[in-house]
Amino acid sequence: MDPDLDLARRLARGEREALREAYELHGARVWRLCRRLLGRASEAEDATQEVFLKLFERAASFDGRARFSTWLHRLTVNHCLHRLEKERLRRADELRPGDGDPCDPAPEPGRALERDEAGIELASLLARLSPEHRAVLVLRELEELSYQEIAASLAVPVGTVMSRLARAREALVRLARPPVPLRGRP
Amino acid sequence: MTEPSPTACSTARLALSARLDREPHDAAALDAHLVRCGACRELERELARLVPAWSALEEPEAAPDLWPAIEARLPAARRPRARSALLARAAAALVGFLGAHQAGLALEREPEPRTHLLARWLAPPALEPHRLLAASPEYRLLLSRLPHTEEDR
């Protein structure tokens, strides 16, 4: 039995108090997921707000086939992927050679020494992955979801989760390889 | 020794990923492939090097309180309730109104002669307050605009 079923029904009726309860129950998890998928705190704040506004707007479409928390997780992942895709398209339009990576969550100068180097490097590599690859790795490695849970969150079959994870890991490894020095012509 | 086929490497890389996640995979086939394939062995080493980096990633800071911002962005008007719930509320209000109306009349009025009572019952329905409400174009418009919901079906 889904413990959030009554909450979902009240949300579907448009009760604001139910939305507040949903935020109190699930807000921290939604925030953490947005923060990990989007990188920047300001982006995550905005995305978290939008996820709960979407939840209020779409609660009537919750059909109870998945647990409410899984459904909200899926709503969050989709929203973040949509934002990442929009950002990717915007950057493709705007990025000029020599520009920095606006998505790179590099730490502020004062904080760099406090963080483990491996973690910093991995965070910057993750930011360079495609949204799909980033999402599946974040869900597996950081959110520690099972393949079934990832499949439910991304609305894809388990087989797709397996292959997407394998490709995402290979992409991460390729990004982590040191650049091959170009040989000059004799 | 023959070079493993791209298909064999592709299968082995799926299995490598599953092994990292401790998910079911064909361990014997993977190990046999790794013995023969240098590229997949190198990938296995590189993937293993990344493992400690995941735990070195910082936990995100505690979530800020975003409820005031969410509340401020909610649409001003409440979403429409289920039509049936609204009708039930309207009916309850109407019953209350009529009850109060009748009780008021009973308290204020002297007993009416039976002919007057008969005349009131025969009066055009539109003159009755609740019928006036039901017949009003605004009330009908309101009813027609109420959305149908699952609850109505």
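The values are calculated or read from the model by the stated rules, or taken from the named source; none is laboratory data. Values in this document were obtained by computation on a predicted structure and should not be read as measured data. Ideal geometry is used to build each Cβ from the backbone, glycine not excepted, and the neighbour counts take in all protein chains shown.
Which residues, taken from region B:1-16, are surrounded by 13 or more Cβ atoms within 10 Å (Cβ to Cβ) and in contact (Cβ under 8 Å) with a residue 12 or more places away in the chain?
B:Pro4, B:Ala8, B:Cys9, B:Thr11, B:Ala12, B:Arg13, B:Ala15, B:Leu16
Applying the selection to region B:11-70, what residues are of a type in the set (Gly, Ala, Ser) and within 30 Å of A:Thr48 (Cα to Cα)? Break it down into steps so the answer makes sense when it comes.
Just the residues of region B:11-70 that are of a type in the set (Gly, Ala, Ser), to begin with: B:12, B:15, B:17-18, B:27-29, B:32, B:38-39, B:48, B:53, B:55-56, B:62-63, B:69.
Correct list: B:Ala53, B:Ser55, B:Ala56, B:Ala62, B:Ala63, B:Ala69.
Looking only at region B:9-29, count how many residues are among the acidic types (Asp, Glu) and part of a helix (DSSP H, G or I). Talk me through it step by step, then tell me what you get.
Applying the first criterion (among the acidic types (Asp, Glu)) to region B:9-29 yields B:21, B:23, B:26.
With part of a helix (DSSP H, G or I) added as a condition, the list becomes none.
The total comes to 0.
Does region B:30-43 include one or more residues that are part of a helix (DSSP H, G or I), more than 21 Å from A:Arg140 (Cα to Cα) and in contact with an Asp or Glu (Cβ under 8 Å, 6 or more places away or on another chain)? Working first, answer last.
Pass one, region B:30-43, residues part of a helix (DSSP H, G or I): B:30-36, B:38-43.
From the residues that got through so far, the ones that are more than 21 Å from A:Arg140 (Cα to Cα) too are B:30-36, B:38-42.
Right, trim to in contact with an Asp or Glu (Cβ under 8 Å, 6 or more places away or on another chain) and you get B:34.
Yes, the conditions are met somewhere in region B:30-43.
Among the listed residues B:Glu23, B:Glu71, B:Glu59, which satisfies the condition of being of a type in the set (Asp, Glu) and at the interface with chain A (Cβ under 7 Å from one of its Cβ atoms)? Explain how you work it out, then say what you get.
Working: B:Glu71 fails: at the interface with chain A (Cβ under 7 Å from one of its Cβ atoms); B:Glu59 fails: at the interface with chain A (Cβ under 7 Å from one of its Cβ atoms).
Of B:Glu23, B:Glu71, B:Glu59, the one residue that is of a type in the set (Asp, Glu) and at the interface with chain A (Cβ under 7 Å from one of its Cβ atoms) is B:Glu23.
Test of understanding: among A:Leu25, A:Leu53, A:Leu89, A:Leu19, which residue is part of a helix (DSSP H, G or I), at pLDDT below 95 and not small (Gly, Ala, Ser)?
Values: A:Leu25 fails: at pLDDT below 95; A:Leu53 fails: at pLDDT below 95; A:Leu19 fails: at pLDDT below 95.
Going through A:Leu25, A:Leu53, A:Leu89, A:Leu19 in turn, just one is part of a helix (DSSP H, G or I), at pLDDT below 95 and not small (Gly, Ala, Ser): A:Leu89.
Would you check which residues across region A:156-184 are small (Gly, Ala, Ser), at pLDDT 90 or above and over 17 Å from A:Arg134 (Cβ atoms) and list them?
Taking region A:156-184 first, the residues small (Gly, Ala, Ser) are A:159, A:163, A:166, A:168, A:171, A:176, A:184.
Keeping just the survivors that are at pLDDT 90 or above gives A:159, A:163, A:166, A:168, A:171.
If the condition is that a residue be small (Gly, Ala, Ser), at pLDDT 90 or above and over 17 Å from A:Arg134 (Cβ atoms), then A:Gly159 is the only one that fits.
Let's see how each residue does on (1) surrounded by fewer than 19 Cβ atoms within 10 Å (Cβ to Cβ); (2) over 20 Å from the mean Cα position of the chain (by Cα); (3) touching a residue at least 60 places away in the same chain (Cβ under 8 Å):
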{"site": "A:Met1", "(1), (2), (3)": "yes, yes, no"}
{"site": "A:Leu7", "(1), (2), (3)": "no, yes, yes"}
{"site": "A:Ala41", "(1), (2), (3)": "yes, no, no"}
{"site": "A:Thr48", "(1), (2), (3)": "no, no, no"}
{"site": "A:Arg67", "(1), (2), (3)": "yes, no, yes"}
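Take the residues in region B:1-20 that are among the charged types (D, E, K, R) and within 13 Å of A:Met162 (Cβ to Cβ), then tell me which one is nearest to the other protein chains (Cβ to nearest Cβ).
Here is the first cut: in region B:1-20, the ones among the charged types (D, E, K, R) are B:3, B:13, B:19.
With within 13 Å of A:Met162 (Cβ to Cβ) added as a condition, the list becomes B:13, B:19.
On the way: B:Arg13: 5, B:Arg19: 11 Å.
Restricting to residues being among the charged types (D, E, K, R) and within 13 Å of A:Met162 (Cβ to Cβ), the top hit is B:Arg13.
Which condition breaks for B:Ile70 when tested against (1) among the hydrophobic types (A, V, I, L, M, F, W, C); (2) modelled with pLDDT under 85; (3) touching a helix residue (DSSP H, G or I) at 6+ places or on another chain (Cβ under 6 Å)?
Failing condition for B:Ile70: (2).
Name the residues in region A:117-173 that are in contact (Cβ under 8 Å) with a residue 60 or more places away in the chain and polar (S, T, N, Q), would you?
Selection gives A:Ser153 alone.
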